[in-house]
Every structure is written in C-alpha cells, then in structure tokens.
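Working notes, structure below.
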Amino acid sequence: MQRDKFYKEVENLNHPNEQLIKTHCSYCGMQCGMNLRVNTITNKIIGVEPRYDWPVTVGKMCPKGVTAYQQTNHKDRILKPLIRDNSNLKGTKEGFREATWDEAYELITKKFSELQENYGKDSLSVFSGVSMTNEKCYLTGKFARVALGTKYIDYNGRFCMSSAAGGFLRSFGVDRGSTLPWTDIHETDCLFIAGSNTAECHPTSMFRVWSVQERGGYLIVADPRETPLARRADVHLDLKPGTDLALANGILHLLIENNYIDEGFINKHTNGFEETKELVKEFTPAYTSEITGVSIEKIIRAADIYGKAPNAIVMFARGIEQQHKGVDNVSGYVNMALITGKIGRPKAGVATFTGQGNGQGGREHGQKSDLLPGYRKITNPKHVEEVCEVWGITPEEMPGPGVSAYEMFELMEEKVIRGLYLLCSNPAVSAPNLNFVRSALKNLDFMVCSDFYLSESAEFADVILPSVTWSEDEGTVTNLEGRIIKINKAQEPIGDSKPDWLIQVELAEKLGKGKYFSYLKNARDVADEFRRATKGGYADYYGATWDKIDKQDGVFWPCKDEQDKGTPHMFLDKKFYHPDGKAKICALPYRPPAEEPCQEYPLRLTTGRVVYHYLSGNQTRRIPFLHDMCPEPYVEIHPKTAQIYGIVHEEMIRLYTRRGECQYKVKITEAIREDTVFVPYHFGHEESINLLTIAALDPISRMPEFKACASQIEKLEVRTVD
Ligand SMILES: Nc1nc2c(c(=O)[nH]1)N[C@H]1C(S)=C(S)[C@@H](COP(=O)(O)OP(=O)(O)OC[C@H]3O[C@@H](n4cnc5c(=O)[nH]c(N)nc54)[C@H](O)[C@@H]3O)O[C@H]1N2
Ligand SMILES: Nc1nc2c(c(=O)[nH]1)N[C@H]1C(S)=C(S)[C@@H](COP(=O)(O)OP(=O)(O)OC[C@H]3O[C@@H](n4cnc5c(=O)[nH]c(N)nc54)[C@H](O)[C@@H]3O)O[C@H]1N2
Ligand code: SF4
Ligand SMILES: [Mo]
C-alpha cells in the first residue's frame, strides 16, 4: 500500500504525463514485478521501473527485463497479416505481401478445409508455446480440438518442462514445479542445485541463494561448467554431461549408508524405499566417481552437507531435464528429499526452475497432446466428460491424444500432417536436429504462423498473422513457484495486430465453429471460461479470480473456490497426490547418454543460454543493448583441449556431429570440463547449434536430449608461419 502511494506521488510530481502500469516481465519464469511507464499523451510505453512491492523479486530485474519494454513499439513489428505469394521463396524472409485480416482468414479457412476434406481432420496440427497467458494457452487447446477437430496439438514445453512434469507426476502424483514459495529459499540451510545456470537464467533468484551462504548455510552445485553459481558453491560437482542419474544414486547411497534418512517419514509417507536402497548399493563413491568424473571427496562432502542440513531444498533445471532420461534424473534427485524427509514443510522441499514466463500454467491446461484443462487426461473418460460440458461438445467429438512436439515434425515429413498453425514458438531455431525439422516445415502443404516479429520459423509460413506483445493484452500467468499472477495491458495493440485469443475466436467463426467461441468478447470472458474449465481438476484455478490475485500478490494453485486463499506450500499435510496418498521413491538404473563420445566424435557437446538472450533469440536479438552485449554465438573450449587442437581464443572453427556442422568463434575458458564443449542456442539460420543436436527422446516425457551428444572440432584452415 505504501509503495503504491509512493509511486502515485512520484508519478504525479515528476511525470505529469506518465502512468505506471503494474505488471510482470515478458520473459522467464521468475516473472519479475515491473511497472511499465506509459506516456498518457501518446498512450505508448516509454520505459520501465522495478516493483519493490513484488515479494518474489523485490525490485530486481535482469538485462532482459529492463529492456523488455523495447519490444512493443519496435520497428520490426509485423503490423499487417502477410500472405506468401511466391512459394519458391519458402524458407526465406522474402515473397510475402501485406493483406487484410479478412483475406488472410479466408485463405486459411479455404486451405485448412481443403486439407481436412482430402486427408481427414488430423491432417492439421497446432504447435504453440508458453510465453502466452493461461487464458491463451487454454483457448489454443480448445481451438485445436473444437475449431479444427484435430488430435495433433503440442507445444514448446516439450523441449522445456516436460521432464520435470514427468518426474514430479511419478514421484508426487502432481506436477507443481515448486513445493514451496520462493520467499522460503534464503531461509533454508542448504541448496542443492543441479543443471541450472541460475545467475544467467533466473538472475533475480541469486540474492536468495547468496543469502543462504551469508547466513552460514551451504550451496552445492552439479554442473559440467563452472557457472557464476558454481563458482560460489561450497561443493561444485563438475560432472560429465548426461551422468546425473549416477550422481544422484551415488548421493542416495551415502545418505542411506550414513543414516541421514528419516525412517518415520519413509515408512508413513512413501513407497519404493527398499528397491531403491537395493539399487543404489552398487553406487559407491568410487563407482559414482568413475561414471560421473566427479572426485570421490566431493561426492562424500556433498552428501554430508545435504544429509546434515536441518532444512534443504533440492533444485534443478534443464541441465538434468533435457536428456533422454530427464524424467529419471528428476525422480533421482527428488529421491534425496524423500528419503531424508526434507519436504512438505517450510524451507525444505524440491523445485525446478521453470523456464518460460508461463512454463508452469501453460503445461496444465490443454496444449500438451494428452492433456485437457486443469491437468485432466484426454485418455480419462471422466475428465473428457467434464471438459466437454464446459465446451458444449460430446465426448465423441473430442479428439484423442496426439503425439509430442518433435514427433509432429516426423509426421510432417511423412505427410501425415499437412497443415500447421504455429504460434508463440520458433522451432526452426529451437527444435533439435534442425536439418530434419526445417525440411519437415518445408514439406507442409500449408502453414500459418502467428508472431509479432518475422521469426526464422515464419519464413516457412504461407500466412503470417501479427499477434501482440505481452504488454498489449491482459491475462494471468503462473510463475515458477506455482503462483498465478496478473499481466496488465499497458498499450493498445499497434498496427493491425491482435491478441492470439481474438485471432482464434475470429478464425473459429470463419471455420463454422463460431457457436463455441464467439461469445468470448474480451480477455476477461476467456478468463472466466478458463477458470470454469479447470474447476475440479487437480490444477484447479477456479478460485483464482483477478481480484484475488491483485489483493493477495498472486494466488498459488490449487485454489478451489472464493474462500480458498491458495496453496503456497505443497504437502504440508504429508499427503501426496497418488491414490494411496504416498510419494514414490523410484529405483532408477543408470543409463548413459544416447550418444557417447567415440574416436570420431570424442567431445561432449552441451548447449544452453546466456544472460543477454532469450530462447530462440527472435525477441532479444532485436534489442540493441542485448545484441551489442552478445552479437553472435561461440563455442566454449577448455584451454588444454584448445591446445591439443592447436586452437586459439576467438579463432573460427568447425564444430560437427553426426547430424550437421556449424562454424563458431572459440571462447577459451577454464570454466568447462576438458572433455566438453558448450554453445548457446539463441541464434538462427546457419548459426543454430540445433543443426547439431540429437533428437533422442525421453521415453516418458518425449524431451529431446539437448544437453548431451558426441561432437568433434576442427580448425578451419591450418595457419602458416610467415
Ligand atoms: N538468460 C536467459 N534466461 C532464461 C532463458 C534464456 O533463454 N535466457 N530461458 C528460460 C527458459 S525457457 C529456461 S528452460 C531456463 C533454462 O535455465 P537453465 O536450465 O538454468 O539453463 P541452461 O543454460 O539450458 O542449462 C543449465 C545448465 O545446465 C548445465 N548442464 C549441461 N549439461 C548438463 C548435465 O548433463 N548435467 C547437469 N547437471 N548440468 C548440465 C549447463 O552447463 C548449464 O549451466 O531459463 C529461463 N531463463
Ligand atoms: N539446443 C538447445 N535447444 C533448446 C534448448 C536448449 O537448452 N538447447 N532449450 C529448449 C527450451 S527450454 C525451450 S523453452 C525452447 C523454446 O524455444 P521457442 O519455442 O522457439 O521459444 P521462443 O524463442 O520464445 O519462441 C517464441 C516465438 O513466439 C513469439 N512470441 C512471443 N510471445 C508471443 C505471443 O504471445 N504470441 C505469439 N503468437 N507469439 C509470441 C516470439 O517472437 C518468438 O518468435 O527451446 C528449446 N531448445
Ligand atoms: S529474471 Fe526473468 S523475469 Fe526477471 S527480468 Fe530477467 S528475464 Fe525478466
Ligand atoms: Mo525452456
């Protein structure tokens, strides 16, 4: 309240023609609180201020956040629908002309209808993303199943959160990315963080991490690279990429051997301990060290610190999840909390660093091939009935489960899928094995892309629909804690751009499905239907009204009704979501990465992020400051490895795998293992590292193994001595 007053006063005193709009960042799952500055004469966004009144990030923002506002009125915005009139130029930025919405809708309706008449309902597909609000993610699932009537819908969370989701579902029976609020983190005694480059990817968490150490607590980090987080760690477990499950099993072995376990908790609230105990017997420190490359001393020290800590939080991110055993890795690390009983109370628990702004909410409400709103299963007849009632269709009309994101590209290549509506994702940069994926996109008979900038994927489209940025619409997002928050509108859409929900409502009308959509006149209408559709599901948002979100600084799901304040801490009653109320301790045999180094490809290639860019880079590469700070990709190589290959800092080299090759500038750094190279993936066309990555999918989550494959490097030319 005081802060609000402060802002009002500042606003009135210093900036008579400015209004501050309370909202959150457009990018990562931290969803830092910010105020967008709007000029009340031009009604345009002109800047940003931090929000000290936001309890999760208290005034903090990273370089992406402070420049995010520059997206809205950027010169590269697509202002009108674009129609391709030269199909020979598919795969390039050229060959488009401006069109009206009516023209674009008519063409889409004609082409989509023709494809479905000739090849059946499922010849169409939807590929979406979770930078959208809950309401848009919800409506996209409904649009695919009701307006298009296709079973083929999936989304970019398959490349992001699906292994965390799979692991949590298996261990706890519920998938909420964090069992506790972020405001607990700095009060714990030990953080065990695996596969997260927190300082670059969730920078505004760092003050809480440091605070643990400043209070005398400990930080343990498992990462093949010495990231800024690892540099400050009490123990840095510098493992070989792809060996996390061995490390987790090795630590479990020691926790059991040294009796750090909580037998009471295990007996009352879990299943599977005995099998797991048996399985991890062989993971002695020596054996674990042999597989992971981490020294025996470090493994012992890490287990001791975690075991002794009164409260501890196990945290992880894509480093462990983007593997073809990502789900096992998640359950493996979750096991640590379960056998020690360090879960289901404040300051102790498990959390994944959810990636995208709405990476949590966007996976719960029906964009995934097998899910319906409220985390309902499309294969469960009761769940289907519940959703049909809200949607006004019969269960017979509900399409069945489709396939995962990468598998949709396989079906495009096979011509099973012939049409695509792509929104809020740029898979021509972000999907693995890009030579194949780009060819699959080219192979489509008809593709629609909705974006606000012309992305590398839009280059393959026949029609591009201009959507709005996050600041030109309103709705809710669920942050990495599981807290539902409100994004507010700061400016009217520029040009002819429209929010995705409106595009879907209008398109549904043209497709003859208006009665299921046309009563949705504004974002709030969509929100009301969305909350009803989640009611009774386990990701129940029904009680999370916009008013309550505003009053309470967000609402943690589940939140069932008006009275319910939401659920910041999960499992306080020690009730897990499996039918018997118990959590599952999983016995997980170690499997190596899908592709192990060999003589021809001796180096491990891993990929990830830098602080200045976001995902495929389609947004951040256009922001001058971010571009200047990191204009191009590079390959990180250890000095000893560079010496063997005769390579020097900043030299251009060839990096290749069984799937492709790229040329990168070398960054020599001791902050990486000698047997590993790292490339950030935020760049397009011939600079995309995903030309090299492997599409080995996790059997449960269908997550590709972005984090480990075998590679080789080569000098471009032999330097001559003059
Ligand atoms: N600056 C920035 N921030 C972002 C994003 C962004 O693009 N840029 N994206 C957001 C999104 S969507 C996501 S998903 C998150 C991702 O957040 P993170 O998962 O933290 O980011 P990554 O860089 O993908 O990988 C994390 C770390 O995993 C390590 N790693 C690689 N292989 C292994 C392995 O086998 N085992 C272990 N233990 N570690 C390994 C890498 O060295 C890296 O330091 O970030 C979010 N925040
Ligand atoms: N090698 C490698 N590959 C990876 C990863 C990795 O670590 N290594 N990480 C993976 C992960 S974790 C992720 S999350 C994916 C993400 O990969 P993508 O899904 O490609 O992510 P973005 O770059 O956010 O793409 C979003 C696109 O939609 C647009 N957009 C943003 N908001 C909206 C909106 O509201 N509506 C519409 N219509 N468009 C919008 C943006 O301009 C952008 O072009 O990449 C994955 N790929
Ligand atoms: S940490 Fe994430 S949410 Fe916060 S400002 Fe940076 S990108 Fe935005
Ligand atoms: Mo992600």
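The values are calculated or read from the model by the stated rules, or taken from the named source; none is laboratory data. If you're wondering where the values come from, they're calculated on a predicted model, not measured in any experiment. Every residue, glycine among them, receives a Cβ derived from its backbone with ideal geometry; neighbour counts consider all protein chains shown. Ligands, DNA and RNA are stripped out before the accessible areas are found, and what is left, the full protein with its side chains, is counted by its heavy atoms. Shrake-Rupley method; radii C 1.70, N 1.55, O 1.52, S 1.80 Å.
Results, tabulated for the structure shown:
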quantity: Test: residue in the stretch 121-132 that is over 18 Å from Ser450 (Cβ atoms) and out of contact with any Pro (no Cβ under 8 Å at 6 or more places or on another chain); calculated: yes
quantity: Helices (runs of 4 or more DSSP H) wholly inside the stretch 154-247 containing at least 2 residues that are in contact with a strand residue (DSSP E or B) (Cβ under 8 Å, 6 or more places away or on another chain), more than 11 Å from ligand 1 (Cβ to nearest atom) and touching a residue at least 60 places away in the same chain (Cβ under 8 Å); calculated: 162-172
quantity: Answer from Leu520, Leu502 - the residue that is open to solvent by 40 Å² or more (accessible area, probe 1.4 Å) and farther than 28 Å from Arg51 by Cα; calculated: Leu502
quantity: Top-ranked residue in the stretch 429-462 [being closer than 19 Å to Ala695 by Cα and within 16 Å of ligand 1 (Cβ to nearest atom); ranked as most open to solvent (accessible area, probe 1.4 Å)]; calculated: Ser430
quantity: Subset of the stretch 49-68 that is open to solvent by 50 Å² or more (accessible area, probe 1.4 Å) and either more than 17 Å from Asn479 (Cα to Cα) or not in a loop (DSSP other than H, G, I, E, B) (or both) - its residue that is farthest from ligand 1 (Cβ to nearest atom); calculated: Tyr52
quantity: Verdict on Tyr105 being of a type in the set (Ser, Thr, Tyr), under 17 Å from the mean Cα position of the chain (by Cα) and more than 16 Å from ligand 3 (Cβ to nearest atom); calculated: no
quantity: The stretch 318-350 - residue that is open to solvent by less than 10 Å² (accessible area, probe 1.4 Å) and among the small types (Gly, Ala, Ser) and, of those, farthest from ligand 3 (Cβ to nearest atom); calculated: Gly341
quantity: Unique residue being at negative phi and more than 20 Å from the chain's Cα centre (by Cα) when the list is Pro399, Pro432; calculated: Pro399
quantity: Tally, over the stretch 500-542, of residues that are out of contact with any Pro (no Cβ under 6 Å at 6 or more places or on another chain) and assigned to a loop (DSSP other than H, G, I, E, B); calculated: 16
quantity: First in the stretch 644-665 and of a type in the set (Lys, Arg), second anywhere and part of a strand (DSSP E or B), Cβ under 7 Å, 6 or more apart; calculated: Arg654/Glu661; Arg654/Gln663; Arg654/Ile713; Arg654/Glu714; Lys665/Tyr634; Lys665/Met652
quantity: Neighbours by Cβ (under 7 Å, 6+ apart or cross-chain): first from the stretch 343-365, away from ligand 2 (no atom under 11 Å from the Cβ); second acidic (Asp, Glu); calculated: Pro346/Asp184; Lys347/Asp184; Lys347/Glu187
quantity: Test: residue in the stretch 620-631 that is surrounded by 14 or more Cβ atoms within 10 Å (Cβ to Cβ) and closer than 20 Å to Pro432 by Cβ; calculated: no
quantity: Exclusive hit being farther than 30 Å from Val330 by Cβ, under 21 Å from the mean Cα position of the chain (by Cα) and of a type in the set (A, V, I, L, M), set Val66, Val126, Val56, Val130; calculated: Val66
quantity: Residue selected from the stretch 149-160 under the condition under 12 Å from Ile417 (Cβ atoms) and away from ligand 4 (no atom under 16 Å from the Cβ), by the criterion surrounded by the fewest Cβ atoms within 10 Å (Cβ to Cβ); calculated: Lys151
quantity: Which listed residue is at pLDDT 95 or above and in a loop (DSSP other than H, G, I, E, B), from Val126, Val130, Val146; calculated: Val130
quantity: Residues that are assigned to a loop (DSSP other than H, G, I, E, B) and open to solvent by 20 Å² or more (accessible area, probe 1.4 Å), drawn from the stretch 463-499; calculated: Glu474, Asn488, Lys489, Glu492, Pro493, Ile494, Gly495, Asp496
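One line per residue, one yes/no per condition, for (1) in a loop (DSSP other than H, G, I, E, B); (2) open to solvent by less than 10 Å² (accessible area, probe 1.4 Å):
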position: Lys665; (1), (2): no, no
position: Glu670; (1), (2): yes, no
position: Glu674; (1), (2): yes, no
position: Phe683; (1), (2): yes, yes
position: Glu686; (1), (2): no, no
position: Thr693; (1), (2): yes, yes
position: Ile700; (1), (2): yes, no
position: Ile713; (1), (2): no, yes
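Condition check ((1) more than 24 Å from Glu509 (Cβ to Cβ); (2) crowded, with 24+ Cβ neighbours inside 10 Å) across all residues:
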position: Cys137; (1), (2): no, yes
position: Ala164; (1), (2): yes, yes
position: Thr183; (1), (2): yes, no
position: Arg208; (1), (2): yes, no
